[in-house]
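Participant: Questions regarding the structure given below will be posed in turn.
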Amino acid sequence: MTKPVSFRAILRPCGKALLPLWILAITFTTSTAQNTPQQDQEEVEKVVRIIRFTGNDHIRNRTLRDLIRSSTNREMLGIRRFTPWYYIYQLTGRFGESPVLLDRSMVSNDMERIRLYYENSGFFETEVDTSIVEYRRNRIELTFMIDEGPRTRIRSVGYSGLPGIGGATGDREFLNNNPFGRDMVNDSTFAASEPYNAQKLRSEQTRIIDYLRNNGYASVQRDSINALVKPDPEDQRMLDVLFLIDSGETYNFGDLEIRLSGPTDPEGGYDENRSYSGAPYTTEGRQMTIYKQEDAQTRFSLLTDQIRFRPGDTFNNSLYLRTVNDFQNLGMLTIRRFGLSDDGALPDYNDREIPVYFELQTLPKHAIRTELFGMRRYGFGTGVGVNYSNNNAFGRAENLTIGLNTNIEYVTSSDITSENTLFNSYQARIDYSLPRLTFPFANLDGHPAFVSGRTRYSLTYGQSNQPFFDINTDIRFNLRYEVEHGSRFTSFLDLVELDIIDTDPSSTYLTSLRNQFIRDGEDAGDPAVIERIENLFEYQSILEDFRPQFSSIIRYTFRSMDTDIIKRNFGHFSEFSVAIGGNAPYLMDRYLFSNGEVKGTLPSPLGLSGNSLGYSQFLKLSADYRRYIPVAQDGVFAFRGFAGYARPYNKSQSVPLNRRFFAGGSNDIRGWAPFRLGPGGIAPENVSINGGEIKLAAYTELRGIMFDNLLSADWLLAWHTDAGNIWYGRQIQFTDEDDVDLLERGKFSFDTFYKQIAVSSGLGLRLDWDYLILRLDFSYRVHDLQQGWFNNRQTYFSFGIGHSF
């Protein structure tokens, strides 16, 4: 009989020695030494310029390159052997990056790393050698030559000793969810037939431990799960694995103690305390006690609502960790200490009741933050903002924020304005958020699939003057629900979003607008001409954009993200949204104000405007996908794709201006000013109906570090290429004979849209601090829709905060 061994030791076939997995883990994370002064002078002068791998049929070059510590000089933008900082150092002898020299001890360690990695992947007979070739004087090509050998496979995986948790059905469901296979050999053994992988076996060990700890077996450790690895006598490269499980005893939650201090004196005494026993807080005989300082200004009920287990119930580690997570998500306190013993040590497993302890501290209640920012929209501008925040406003972790910001933008004479002009705007905002779901979703709060629930209310009021029109009043109210579905997935539901906007187009613009539709030989004052113009769809669509509007929307957004939201240097980000707009004002028009008759307008509420309010019903869809792929050393290739579609329905003929798609700007198609690209092939100066119902765009960016920690920031060089446009929807029917050809160029057509894709490209600079990225970009129009391919040599500058995507 083969002797069982601890899972931390993997049996190597063919009589070789046992190899502990914990040694492998340490090997993978150990840093290697740098070149030392004692190196031979001849050796020191040899510079590693090329690193290659041969014979690695099953493991990618990229994986091996990330594994080893030997490297070449840093390659810019991931371009092979493009190492400008090394060249600068060669020229100056002082600046740039010093050459990476051959270190034979490091190469030897790398060989062992590669071998161990292969061994963890089932290649127990892998041999690694190196070839060091001096292809030019003092220039080295380092090649790792790998003989992978045969690969060991797992034929079956079995389980022994699993306690009867929840009866045969519960255990059966757990076993069926194993990662190796669903084909059963017997009640506890499954056919696997897959390559040996140590990491997968470790993951299964963790899954077993979690299952047991979540069902009362709190004392289970890694040593409680042993693996019997048995080679087939006729084929030593075929293994049968049996997990031997020692679950130990079951435990219950003991008494719970929570201590909450204020923001100033966490070590001081406690002014209040309250004890809870019996349903719904505990089982019979168990107790929950809360101690609280007066300046914590927090209600006891807030703390009890975050507890996801009952003292006295069967121990469940996932509920314990969910409680920790819920305290953290409140946002108004920090967790100073938590544990299953009073001193933070391991629990006393001699006692079948495991107590739980939390020490919490509230954050400062009041905060004021000011900010000064730069902006570029039509011109260059600056702004200032101030925000007051009341943390834990009413003792239930509510957050109240009041903000005010204003900006001034200087626009030089151009096709936007005939003279140098100052545009300005201001906005006041009130945000109120609660760390829980409210009606009608309160029952979902605390559900395992709806964690970190948050309800947000916001009210904004703004005014601004713009090219061609002023916004006299812009009032928006929003009710949003946010929930997480795990570490990667988040849902946002904007259940109520109402927007009342009152605009005032300039008289100069209105005169200019009407003149656009006057034909040669017509009199602008002729009533027949005026009637013809006012019946045009294009004219009415433009006026509709400037009429006071009442907009409503219900929107659901699903987000998947596994990247750093600031650095954006790995993983992905995706967001998909569907919205239906205009139904609230439609129902008010039909049933509240018009007694069943639909007029298409509503009276202004509270006398905010002397004008009636128009509205539109529409459907809007969008998809945004972003991928961040590490390349070379300190390099990232980023890709983004965006698609959007909007369409009016019922009796509406257009989508509201503020709900359409636009293109151009520092966070969009760089090389075009914001809102100045499209629709279709229409030149900006000829655009009469702004925005579009369809948008397609693709963006790429290749960025790499130039300088590390210069002025406390990493300096990155980026090469970007953006492509895309917006279009009118096919459902729009233009009526003006003079402009129909021009406007048709703005419609989406499968036959022509690819010819109307604008393309820009250029270089940029990124200053990357820990929590802030300053972005500067210089772009060229590779495909200018008016001038053609490569005919526009003008440089377009843009800047922003954070990565463009």
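The values are calculated or read from the model by the stated rules, or taken from the named source; none is laboratory data. The structure displayed is predicted, hence computed values, not measured ones. Because the Cβ atoms are built from the backbone with ideal geometry, glycine has one as well, and the counts that use them run over all protein chains shown. We work out accessible area using only protein heavy atoms, side chains counted, and drop any ligands, DNA or RNA first. Shrake-Rupley method; radii C 1.70, N 1.55, O 1.52, S 1.80 Å.
Participant: Share of the chain's accessible area from carbon and sulfur, percent, 1.4 Å?
Facilitator: 52 percent
Participant: So, how do all the Cα-to-Cα distances of the range 353-496 break down into 10 Å bins, in percent, from 0 on up?
Facilitator: Once binned at 10 Å, the Cα pair distances of the range 353-496 give 10, 26, 28, 20, 11, 4, 1, 0.
Participant: Quick one: dipole size for the range 105-155, taken about the Cα centre, charges +1 on Lys/Arg Cβ and -1 on Asp/Glu Cβ, in debye to the nearest 20.
Facilitator: 180 debye
Participant: So what's the back-of-envelope 222 nm ellipticity for the chain, counting only DSSP H runs of four-plus at -39500 (n - 2.57) apiece and dividing by all residues, rounded to 500?
Facilitator: After summing the helix terms and dividing by residue count, I get -4500 deg cm²/dmol.
Participant: List, in order, the whole-Hz ³J(HN,Hα) value for each residue of the range 705-720 obtained from phi through the Karplus relation with A = 6.51, B = -1.76, C = 1.60 and θ = phi - 60°; use x for Gly and Pro.
Facilitator: 6, 8, 10, 8, 6, 9, 6, 6, 9, 8, 9, 10, 9, 10, 10, 10
Participant: Next up: To the nearest 20 Debye, how big is the dipole of the chain about its Cα centre, given +1 on the beta carbon of each Lys and Arg and -1 on that of each Asp and Glu?
Facilitator: The dipole magnitude comes to about 1220 debye.
Participant: Which listed residue (679, 444, 347) has the Cα farthest towards the positive end of the charge dipole for the chain, taking +1 on Lys and Arg C-beta and -1 on Asp and Glu C-beta about the Cα centre?
Facilitator: Of the listed residues, the answer is 347.
Participant: Given a 1.4 Å probe and heavy atoms of the protein chains only, how would you sort 58, 803, 447, 485, largest accessible area at the top?
Facilitator: 58, 447, 485, 803
Participant: Additional query: Averaged per residue, what accessible area in Å² does the chain show with a 1.4 Å probe, protein chains only?
Facilitator: The answer is 49 Å² per residue.
Participant: Something else now. I need the peptides 275-286, 470-481, 645-656 ranked by packing, meaning the mean over residues of other C-beta atoms within 10 angstrom, with the highest value on top.
Facilitator: Output ranking for 275-286, 470-481, 645-656: 645-656, 470-481, 275-286.
Participant: Based on the alpha-carbon gyration tensor of the range 242-338, what equivalent-ellipsoid semi-axes (square roots of 5 times the eigenvalues) come out, in whole Å, largest first?
Facilitator: In descending order, the three semi-axes are 29, 17, 11 Å.
Participant: Another one. Output the peptides 353-359, 118-124 sorted from most to least packed, where packing is the average of other Cβ atoms within 10 Å over each peptide's residues.
Facilitator: 118-124, 353-359
Participant: Let me ask something additional. Ordered by residue, what ³J(HN,Hα) values in Hz, to whole numbers, does the range 383-389 give under the Karplus form 6.51 cos²θ - 1.76 cosθ + 1.60, where θ = phi - 60° and Gly and Pro are x?
Facilitator: x, 9, x, 9, 10, 9, 10
Participant: Averaged over all directions, how much area does the convex hull of the C-alpha atoms of the range 137-280 cover when projected, in nm²?
Facilitator: Answer in nm², one decimal: 19.6.
Participant: For residue 526 and residue 274, FRET efficiency with R0 = 56 Å and r from the beta-carbon atoms, rounded to 0.05?
Facilitator: Computed FRET efficiency for residue 274 and residue 526: 0.10.
Participant: Using the basic label-point model (7 angstrom from Cα toward the beta carbon), what is the residue 514 to residue 400 distance in nanometres?
Facilitator: 5.0 nm
Participant: Can you work out the FRET efficiency for the pair residue 387 and residue 683, with r the C-beta to C-beta distance and R0 = 51 Å, to the nearest 0.05?
Facilitator: 0.80
Participant: With every protein chain left in place, what is the accessible area of residue 111 in Å² (1.4 Å probe, nearest 10)?
Facilitator: 50 Å²
Participant: Can you tell me what the convex hull of the Cα atoms of the range 290-426 projects to on average, as an area in nm²?
Facilitator: Hull-based average projected area comes out at 12.3 nm².
Participant: Taking amide hydrogens as modeled 1.01 Å from N in the peptide plane, which residues meet the under 5 Å criterion relative to residue 218, leaving out close sequence neighbours?
Facilitator: Residues meeting the amide H criterion: 251.
Participant: How big is the dipole moment of the range 392-466 about its Cα centre under a simple scheme where the beta carbon of each Lys and Arg is +1, that of each Asp and Glu is -1, and everything else is neutral? Debye, nearest 20, please.
Facilitator: 500 debye
Participant: Still on this structure, please answer the following. Rounded to the nearest 0.05, what FRET efficiency do residue 328 and residue 105 have when you use their Cβ-Cβ distance and R0 = 35 Å?
Facilitator: Working from the Cβ atoms, E equals 0.20.
Participant: Using the Karplus curve 6.51 cos²θ - 1.76 cosθ + 1.60 with θ = phi - 60°, work out ³J(HN,Hα) for each residue of the range 427-433 in order, rounded to whole Hz, and write x for Gly and Pro.
Facilitator: 8, 10, 9, 10, 10, 9, 10
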